[in-house]
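The values are calculated or read from the model by the stated rules, or taken from the named source; none is laboratory data. Just so you know, these numbers come straight off a predicted model, no measurement behind them. Cβ placement follows ideal geometry from the backbone for every residue including glycine, while neighbour counts extend to all protein chains displayed.
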Amino acid sequence: MTRRPFYITTAIDYVNGEPHLGHAYEKITTDVIARWRRFCGDEVRFLTGTDEHGIKVQKTAADHGLDPQTYVDGLVPKFKSAWEALDIEYDRFIRTTDPDHEKSVLELLRRIRDNGYLFEKTYNGWYCEGCEGFKTEKDLPGGKCPEHPTREPKWLEEENLFFKLSAFTQPLLDHIAAKPSFIEPASRRNEVLKVLEGGLDDISISRSKGAVSWGIDIDFRPDSVIYVWFDALINYLTGAGFGTDDALYERFWPTAVHIIGKDITRFHCIIWPAMLLAAGIPVYDRVFAHGWVTTGGAKLSKSAGGGGASADPGYLAATYGPDAVRWFLTSQVTYGRDGEFSLEQFENIYDAHLANGLGNLVSRSVGMAKKYFGGVPDPAGLAPDELLSTACATAVSECTAAYDGYALHDGAAAAWKLVTLCNEQIQLREPWKMAKDEARADELKAFLYGILETLRIACVLLAPVLPGKTAAALAIIGAEGAVEQGLEAATAWGGLPVGIELERPAPLFPRLDQIERD
Ligand SMILES: [Zn+2]
């Protein structure tokens, strides 16, 4: 069977501060989707990285007494190590200062220019340095940017290069009408449609070097650099080999799915597809805009303070383990909506779901199988446990539908039902009583095999969210490598090897009172 190419990207992070939980949320959920698609047999390419140009970086670097390159070089390792600590398995970490990105940006610009969509004009208007965005009066109620109320918008008068965005109002409306899944969820699609129905203005895509020097030089316009957003969006093409690796590009473009925050849909759902249309390049598959993770109702971001040390992704991963962070953010926040993070709720979920739910199931089921059979019992000749095998089949189909539809919280919940069911069934059917009655030996064998097999299937379905702990649990029950078998083989009932000796495992998740916390 030929594998389908699947290209998935996060937004690239603007490096004027350290990574926070909001950044981590996007990386984790994108990684969940990437892992799920690999499990389904797709050839996945996962791109993440950093957005390094622009006036904000230039100024922050100057405040630190550094040149911009040295400044960003110092921050990038912090992003990379944060994603490593959270088990994010990306294929490339792109930096907009990478040499191939510059090539790809200039190539795209050349095509847009050759097709007649660039022109020169004096820009007279407002600019918010917080957004790195050109603003109209109506974008600045009360003369302030709503996103950056403490910053004064700047009045600019610059002879700039403009992109004829207005020419793409109708083509974009047509594109969305023909393919509604292009922008999800629907609430975001409707916002974008409203903007399009109001008509689009042409946009400035250059900055004079007098104002901003930290950017990609425009080869045919030596006094200017490219506007940071225009440069940044093109990273998705660079990451697919545009202009530098034809084989990669042929394989993965335009299969891209862009995972972004809901605040940047205008750039990703209007400007970016218009740039591609202008260059004669096929438009990517879709944008999925997630909500914000808030603490105490405030968005987590550098300017909002980041939620304090307790919401620092590095601290959380080091203290509770990467899977605990991944589990909370994936299962407790409806994907596409805002969700609240509090350390108290995080610890409650850790305790209830991980330590007492999955952790307890592994230790008690393995303990009983070892005690009564020395290992995984062989159910040959016995009917499978009907209730458990049916529940597994249901979980597989619910989980598939949910993950495929980007309802990651529902996918996690569908798989989680199996963990809950096993714990309930053990309480209800009391295998320790079966063990005391010789006439019930077969019943015990079929039941315990069923529990371990259900645990195996739960683990492969949970693996995109909990890659580390499910791998450990699968190894404990003698099913290592189950995830690598792929969706179909790994979720078929009866896949657990029998007769394997089991050892009483160390706890999968330490109890909260055993975790050293700040
Ligand atoms: Zn702003």
request  = Would you please list the contacts, defined by Cβ atoms under 7 Å and residues six or more apart or on different chains, that run from a residue in segment 309-328 that is outside the structural domain of Leu508 (by TED's automatic domain parsing) and surrounded by 23 or more Cβ atoms within 10 Å (Cβ to Cβ) to a residue that is of a type in the set (Lys, Arg) and not in a loop (DSSP other than H, G, I, E, B)?
outcome  = Asp323/Lys469
note = Exception for Gly481 within (1) assigned to a helix (DSSP H, G or I); (2) surrounded by fewer than 18 Cβ atoms within 10 Å (Cβ to Cβ) falls at (1)
ask   = Of these, Val465, Val498, Val460, which one is assigned to a helix (DSSP H, G or I) and either small (Gly, Ala, Ser) or touching a residue at least 12 places away in the same chain (Cβ under 8 Å) (or both)?
value = Val460
task = Select from segment 153-205 the residues that are in contact with an Asp or Glu (Cβ under 9 Å, 6 or more places away or on another chain) and part of a helix (DSSP H, G or I) and write down the one among them that is nearest to the ligand (Cβ to nearest atom).
result = Leu165
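To keep it simple, each residue is scored yes or no on (1) of a type in the set (Asp, Glu); (2) in contact with a Ser or Thr (Cβ under 8 Å, 6 or more places away or on another chain); (3) surrounded by 24 or more Cβ atoms within 10 Å (Cβ to Cβ); (4) outside the structural domain of Pro384 (by TED's automatic domain parsing).
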{"position": "Tyr449", "(1), (2), (3), (4)": "no, no, yes, no"}
{"position": "Ile457", "(1), (2), (3), (4)": "no, yes, yes, no"}
{"position": "Pro464", "(1), (2), (3), (4)": "no, no, yes, no"}
{"position": "Ala471", "(1), (2), (3), (4)": "no, no, no, no"}
{"position": "Ala475", "(1), (2), (3), (4)": "no, no, no, no"}
task = Report the residue count in segment 137-152 for those that are of a type in the set (A, V, I, L, M, F, W, C) and near the ligand (Cβ under 8 Å from one of its atoms).
result = 1
message = For Val396, only one of the following conditions fails: (1) within 28 Å of Gln514 (Cβ to Cβ); (2) in contact with a Ser or Thr (Cβ under 6 Å, 6 or more places away or on another chain); (3) modelled with pLDDT of 95 or more. What is its number?
response = (1)
message = Regarding segment 437-455, can at least one residue be identified that is in a helix (DSSP H, G or I), of a type in the set (Lys, Arg) and under 18 Å from Phe373 (Cα atoms)?
response = yes
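Let's see how each residue does on (1) aliphatic (A, V, I, L, M); (2) more than 25 Å from Asn356 (Cβ to Cβ); (3) without any contact (Cβ under 8 Å) to a residue 12 or more places away in the chain:
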| position | (1), (2), (3) |
| --- | --- |
| Ala479 | yes, no, no |
| Gly486 | no, yes, no |
| Trp493 | no, yes, no |
| Pro507 | no, no, no |
key: Candidates Glu191, Glu157, filtered to the one that is without any contact (Cβ under 8 Å) to a residue 40 or more places away in the chain and surrounded by fewer than 17 Cβ atoms within 10 Å (Cβ to Cβ)   = Glu157
request  = Return the residue satisfying two criteria in turn: it lies in segment 397-408 and is closer than 28 Å to Phe447 by Cα and in contact with a helix residue (DSSP H, G or I) (Cβ under 7 Å, 6 or more places away or on another chain), and of such residues it is surrounded by the most Cβ atoms within 10 Å (Cβ to Cβ).
outcome  = Cys399
query = Can you pull out the residues in segment 481-518 that are modelled with pLDDT of 95 or more and among the acidic types (Asp, Glu)?
reply = Glu484, Glu488
remark   = The strands (runs of 3 or more DSSP E) lying entirely within segment 210-302 that contain at least 3 residues which are touching an Asp or Glu at 6+ places or on another chain (Cβ under 8 Å) and at pLDDT below 95 are 293-295
ask   = Among the residues of segment 117-136 satisfying the criterion of being surrounded by fewer than 17 Cβ atoms within 10 Å (Cβ to Cβ) and in contact (Cβ under 8 Å) with a residue 40 or more places away in the chain, which is nearest to the ligand (Cβ to nearest atom)?
value = Gly130
message = Just checking, does segment 150-158 include any residue being under 19 Å from Ala278 (Cα atoms) and assigned by TED's automatic domain parsing to the domain that holds Asp223?
response = no
message = Can you go through Asp87, Asp91 and tell me which one is within 20 Å of Tyr335 (Cα to Cα), touching a residue at least 12 places away in the same chain (Cβ under 8 Å) and surrounded by fewer than 21 Cβ atoms within 10 Å (Cβ to Cβ)?
response = Asp87
task = Check segment 50-58 and report whether any residue there is in contact with a Lys or Arg (Cβ under 8 Å, 6 or more places away or on another chain), of a type in the set (D, E, K, R) and over 25 Å from Phe6 (Cβ atoms).
result = yes
ask   = Which of (1) surrounded by fewer than 18 Cβ atoms within 10 Å (Cβ to Cβ); (2) touching a residue at least 60 places away in the same chain (Cβ under 8 Å) is the odd one out, the single condition Ser204 does not satisfy?
value = (1)
message = Condition first: outside any strand (DSSP E or B), within 16 Å of the ligand (Cβ to nearest atom) and more than 23 Å from Arg286 (Cα to Cα). Can you find one or more residues in segment 103-116 that meet it?
response = no
task = Tell me, yes or no, whether segment 36-57 has at least one residue that is out of contact with any Leu (no Cβ under 6 Å at 6 or more places or on another chain), modelled with pLDDT under 95, assigned to a helix (DSSP H, G or I) and crowded, with 24+ Cβ neighbours inside 10 Å.
result = yes
Subset tally (residues that are surrounded by fewer than 22 Cβ atoms within 10 Å (Cβ to Cβ) and either under 27 Å from Asp202 (Cβ atoms) or polar (S, T, N, Q) (or both)) for segment 230-248 = 2
